[in-house]
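Each remark here refers to the structure printed beneath this line.
The values are calculated or read from the model by the stated rules, or taken from the named source; none is laboratory data. Bear in mind the structure is a predicted one, so any value in this text is a computation, not a measurement. As a convention, Cβ positions derive from the backbone with ideal geometry for all residues, glycine included, and neighbour counts pool all protein chains shown. The accessibility values were calculated without ligands, DNA or RNA, using every heavy atom of the protein model including side chains. Shrake-Rupley method; radii C 1.70, N 1.55, O 1.52, S 1.80 Å.
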Amino acid sequence: PPVQVAGMANVVAVAGGAGHTLALRRDGTVWAWGNNDDGQLGDGTKTDRSLTPVRVQGLEDMGP
């Protein structure tokens, strides 16, 4: 079942991939969380971040 992700308020769009999720916040920042086993979160690591969103650098001002 869906759960609230801590720190994810003011989300205007969400996208999902194979084991990871991306969220666009109203302020234009993009956040990602998930298993990150292939570095798909864009934070330069392969650390599992299943419940801890990280800001995706280089994707600022992405608002609608």
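Overview of values
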quantity: Radius ratio Rg over Rh of the chain, counting only Cα atoms, Kirkwood formula for Rh; calculated: 0.94
quantity: Percent RCO, i.e. relative contact order, over the chain, from Cα pairs under 8 Å lying at least 6 residues apart; calculated: 30 percent
quantity: Amide H contacts under 5 Å for A13, placed H, 5+ residues apart; calculated: L24
quantity: Qualifying trypsin sites (Lys or Arg not before Pro) in the chain, DSSP loop, other Cβ atoms within 10 Å at most 14; calculated: R26, K46
quantity: Highest-first arrangement of 28-41, 10-23, where packing means the average Cβ count within 10 Å; calculated: 28-41, 10-23
quantity: Whole-Hz ³J(HN,Hα) from phi, Karplus 6.51 cos²θ - 1.76 cosθ + 1.60, for region 8-25, glycine and proline x; calculated: 9, 10, 6, 7, 10, 7, 9, 9, x, x, 6, x, 9, 9, 10, 9, 9, 8
quantity: Average accessible area per residue (Å²) across the chain - probe 1.4 Å, nucleic acids and ligands excluded; calculated: 65 Å²
